[in-house]
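The values are calculated or read from the model by the stated rules, or taken from the named source; none is laboratory data. If you're wondering where the values come from, they're calculated on a predicted model, not measured in any experiment. Counting neighbours? That spans all protein chains shown, and the Cβs are built from the backbone with ideal geometry, glycine included. What goes into the accessible areas is simple: the full protein's heavy atoms, side chains included, and nothing from ligands, DNA or RNA. Shrake-Rupley method; radii C 1.70, N 1.55, O 1.52, S 1.80 Å.
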Amino acid sequence: MLRRNWYAFWTMFVVIALLLSAALPVLAQEEPPAPEPTGIRYDAPPYAVDGPHAVGVRYFTIPAVGENDRELTATVWYPAEQPEGDTPQMVYDLQFAPGEFPPFSTLGHAQLDAPPDASGAPYPLVVYSHAHWSMGQEVPYFTEHLASRGFVVISVDHEDNWSTDLGPLAYEAMLRRPQEVTRQIDFAEDLAAPDGDLAGMIDTSAVGVSGWSMGGETSLEVAGARWDLSGLRTWCAENPDGAALNEWSCVDLLGAEAELATAAGLEDPPQGLWPSVRDERVRAIVPLAGPTQTFGNEGIQSVDVPVMFMVGSGETATDPAFEMANPYASVASEHKAKVVFDYAGHLVFNSSCEDNPDMAAMGFPMFCTDPVWDMDRAHDLINHFATAFLLAELKGDAAAAAALAPENVAFPGIEYQAEGYDESAARPLPPESGYAEVNGTRLYYEMAGAGEPIVMVHGFGWDTRDWDYQFAELAQDYRVVRYDLRGFGKSDMPTDQPYAHADDLKALLEYLGIESAHVFGHSFGGELAINFALAYPEAVRSLVLIEPDIQGAQGLPPLTPEEEASFAAVATALEQGDRDAAALAIVDLHPVVTIAKDVPGVRELVQGAFADYTWFHFLNADPVVQPEIPPAERIEEITVPTLLVVGDSTTEFQKIEVDRLAEALPDAEKVVFKNSDHFPHLLYPDEFNALVLEFLAKVDSQP
């Protein structure tokens, strides 16, 4: 009753304020107009003011790849060249057939198919995930604003869209949503490739994810939050009043627990935390009124990336679930913020009726208004906080970080708390990515951090993802470079001209102004690191080799029957043009993946890399030039400190090569990871990273 009376009082107050404000222009006709650009309102805070870029928008179709995938309709907003004349109104229509309810449109100001503005490229990627029973273009005020500020934003229509409005809960859609975020990031990489529709425009090395309602829940999942439905069941039983307010979770969701487990490929519902669906490329999230009841306190503790929660204190759709999980206190993020809109409801984040006139015309004005807040003011504040946060975390903008310091936030109606932001907060350097044109080719690279340089060389069939679990972590203390070898990932394919990988790496380091570096190599990348150390010893500070091959090594065991079966299955798949089947032949059959294939997250990483590999080297003659003297005959010439890492469950082939190096190298340290196959750095990233940092500290302490 008190809240209802407060709403009545506040509504009367707002009406009086609006009446008074309507008279103000009469008294201030001599005042000059506010300067452009502006935000939605004249009094928009700094980061709600539109950025320097015009905004383009394009529609794409992301094809289904896996057996259970669905084709995705995607909208992409991006910085565009300034148009001549006024920008016409953009009408966002449904990109799918409507269901029982009529279709609706939202309105914006982007330019359809406008030429991209590459002046500040590449731009960080932000994935937006829409609410349940909605569409990917539900909030143009938000997605267009981010693009004007130098981000590329992508959003797809999830399975639980407007066509299913008021239908049964889409259980499989809840599971597919995080997968579809990952597919969008993968697709953005294709768009940014040299032959892509937005070539060179998108940086996917550090991705932001935002979403409203169930989209906010999705953002938490791809950042590491894990379901804990057994914990939810306990909470519902112990809190009957809260359960009555949250029937969707305590009745519908828990009633479908077995069905959800089956859809997730699990034999039985887990009694504790469900498997993680984290995407390691996600580096910051902005959940807008995102339900957290599926995670609870334990499930949300896995989130350690920067996070900004936004919610209304009058929330009815996510409260008490929001309070149950206590997400702000529970996440492990060092940089985090919570923005609470006093007395705002769940729909304050939706587009206003002005931008969503069809919704009001259908008789649902309550879906595009808030009982208390002026929607334009709320949207300016949402844009301000989210933009400053993403600029700080994805671009390393120190001014934006300072704007998030609690002492600098004072807006009426906003309750705010934050950690990790203050005037003197040391911000990490933003990741840099691009293409180095060297040796007649283009090599894709990513670079982050400051300090002594590290360069990472990936394994065969891989790309920069081989180092996903090391890149950001080591960049806190070092200047870290990872790149795609010629013929792999985003780098150019070989032509008929001879080349050497060692020469490519030397040219890349010179391009980046690096004289010497700690050189990391995994598998085939370890072989190339050895070759590089022999060809350019002055450029190598130390070596970190994970189960490296040795070019020219003799007396090694032949292929095992399991390896032969794996390669035979690869050949069959390639004959059929099925790269996904070829990837599965490696993951499920090859003995180097005996443990990784059963570890969620790691399996997907390995499988994804090989699914994206072109298999160029299996299908074409590679003009790569081999060293005149086999490196196996020159190992003792390498005198730099070397860390050798091997798994105890890897193949005999790999163990023998590591043992030979340990014996031949004059300054080598060998470490065996227990219960590990060929991928100890992926299976045990924390232990591996700690080991490497200790090793590098010893090397750096030497004169």
Checklist entry - Mind checking which residues of the range 471-498 are of a type in the set (Lys, Arg) and open to solvent by 50 Å² or more (accessible area, probe 1.4 Å)? => result Arg479
Checklist outcome for this item: Within the range 624-646, residues over 36 Å from the mean Cα position of the chain (by Cα) and polar (S, T, N, Q) come out as Gln626, Thr639
Next on the checklist: Can you go through Arg486, Arg465, Arg482 and tell me which one is closer than 24 Å to Leu198 by Cβ, assigned to a loop (DSSP other than H, G, I, E, B) and either touching a helix residue (DSSP H, G or I) at 6+ places or on another chain (Cβ under 8 Å) or free of Cβ contacts under 8 Å to residues at least 24 places away in the same chain (or both)?
Outcome noted: Arg486
Checklist entry - Condition test on Ala64, is it over 23 Å from Pro83 (Cα atoms), in contact with a Lys or Arg (Cβ under 8 Å, 6 or more places away or on another chain) and modelled with pLDDT of 90 or more? => result yes
Next on the checklist: Please verify whether Tyr128 is in a strand (DSSP E or B) and hydroxyl-bearing (Ser, Thr, Tyr), treating the condition exactly as stated.
Outcome noted: yes
Checklist entry - Does Ala243 meet the test of being free of Cβ contacts under 8 Å to residues at least 12 places away in the same chain and crowded, with 16+ Cβ neighbours inside 10 Å? => result yes
Checklist entry - So which pairs qualify, if the first residue must be in the range 52-73 and among the polar types (S, T, N, Q), the second must be outside any strand (DSSP E or B), the Cβ gap must be under 7 Å, and the two must be at least 6 apart or on different chains? => result Thr61/Glu71; Thr73/Gln95; Thr73/Phe96; Thr73/Asp157
Checklist outcome for this item: By residue number, the members of the range 91-148 that are over 24 Å from Met362 (Cβ atoms), surrounded by fewer than 22 Cβ atoms within 10 Å (Cβ to Cβ) and of a type in the set (A, V, I, L, M) are Leu112, Ala114, Ala118, Ala121
Checklist entry - When you go through Ala386, Ala361, Ala399 one by one, which is the residue that is open to solvent by 40 Å² or more (accessible area, probe 1.4 Å) and within 21 Å of Gly108 (Cβ to Cβ)? => result Ala361
Next on the checklist: Anything in the range 648-703 that is in contact with a His (Cβ under 8 Å, 6 or more places away or on another chain), part of a helix (DSSP H, G or I) and either farther than 25 Å from Ala472 by Cα or among the acidic types (Asp, Glu) (or both)? List them, or say none.
Outcome noted: Gln654
Next on the checklist: Return the residues of the range 373-403 that are farther than 19 Å from Val127 by Cα and at pLDDT 95 or above; say none if nothing qualifies.
Outcome noted: Trp373, Asp374, Met375, Asp376, Arg377, Ala378, Asp380, Leu381
Item to check | Matching residues, the range 414-444, being modelled with pLDDT of 90 or more and either in a helix (DSSP H, G or I) or more than 30 Å from Ser491 (Cβ to Cβ) (or both) | outcome: Ile414, Glu415, Tyr416, Gln417, Ala418, Glu419, Gly420
Item to check | Any chance Phe695 is of a type in the set (Phe, Trp, Tyr), under 16 Å from Ile546 (Cα atoms) and either open to solvent by 30 Å² or more (accessible area, probe 1.4 Å) or at pLDDT below 95 (or both) | outcome: no
Next on the checklist: Checking the conditions here, which among Ala392, Ala378, Ala344, Ala386 is in contact with an Asp or Glu (Cβ under 6 Å, 6 or more places away or on another chain) and within 29 Å of Val303 (Cβ to Cβ)?
Outcome noted: Ala344
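Here is a yes/no grid of residues against (1) among the basic types (Lys, Arg); (2) touching a Pro at 6+ places or on another chain (Cβ under 9 Å); (3) open to solvent by 10 Å² or more (accessible area, probe 1.4 Å); (4) touching a residue at least 40 places away in the same chain (Cβ under 8 Å):
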site: Ala529; (1), (2), (3), (4): no, yes, no, yes
site: Glu538; (1), (2), (3), (4): no, no, yes, no
site: Ile546; (1), (2), (3), (4): no, yes, no, yes
site: Leu584; (1), (2), (3), (4): no, no, yes, no
site: Pro591; (1), (2), (3), (4): no, no, yes, yes
Checklist entry - Between residues in the range 268-289 that are in contact (Cβ under 8 Å) with a residue 12 or more places away in the chain and small (Gly, Ala, Ser) and residues that are part of a strand (DSSP E or B) and crowded, with 18+ Cβ neighbours inside 10 Å, which pairs lie under 6 Å by C-beta distance while being six or more apart or on different chains? => result Ala284/Gly208; Ala289/Val311
Checklist outcome for this item: Wholly inside the range 303-413, helices (runs of 4 or more DSSP H) that include 3 or more residues that are among the small types (Gly, Ala, Ser) are 375-395, 398-403
Checklist entry - Of everything in the range 593-612 that's touching a Lys or Arg at 6+ places or on another chain (Cβ under 9 Å) and within 26 Å of Ala553 (Cα to Cα), which residue is least open to solvent (accessible area, probe 1.4 Å)? => result Val593
Checklist entry - Restricting to the range 661-683, what's the tally of residues that are open to solvent by 60 Å² or more (accessible area, probe 1.4 Å) and either in contact with a strand residue (DSSP E or B) (Cβ under 6 Å, 6 or more places away or on another chain) or free of Cβ contacts under 8 Å to residues at least 12 places away in the same chain (or both)? => result 4
Next on the checklist: For the range 602-621: of the residues being of a type in the set (Phe, Trp, Tyr) and in a loop (DSSP other than H, G, I, E, B), which is nearest to Thr182 (Cα to Cα)?
Outcome noted: Tyr613
Checklist outcome for this item: Residue pairs within 7 Å by beta carbon, gap of at least six or interchain, first lying in the range 294-316 and at positive phi, second at pLDDT 95 or above and not small (Gly, Ala, Ser), listed first then second, are none
Checklist entry - Which numbered condition trips up Asp190, out of (1) over 17 Å from the mean Cα position of the chain (by Cα); (2) surrounded by fewer than 18 Cβ atoms within 10 Å (Cβ to Cβ)? => result (1)
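For every residue, the table says whether it meets (1) surrounded by 18 or more Cβ atoms within 10 Å (Cβ to Cβ); (2) farther than 30 Å from Ala450 by Cα; (3) in contact with a strand residue (DSSP E or B) (Cβ under 7 Å, 6 or more places away or on another chain); (4) of a type outside the set (Phe, Trp, Tyr).
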{"residue": "Val331", "(1), (2), (3), (4)": "yes, no, yes, yes"}
{"residue": "Val340", "(1), (2), (3), (4)": "yes, yes, yes, yes"}
{"residue": "Cys353", "(1), (2), (3), (4)": "yes, yes, no, yes"}
{"residue": "Arg377", "(1), (2), (3), (4)": "yes, yes, no, yes"}
{"residue": "Ala392", "(1), (2), (3), (4)": "yes, no, no, yes"}
Checklist entry - Name the helices (runs of 4 or more DSSP H) wholly within the range 195-278 that hold at least 1 residues that are under 21 Å from Ser330 (Cα atoms)? => result 214-222, 229-238, 240-245
Item to check | Unmet requirement for Leu169, which otherwise passes all of (1) modelled with pLDDT under 95; (2) assigned to a helix (DSSP H, G or I) | outcome: (2)
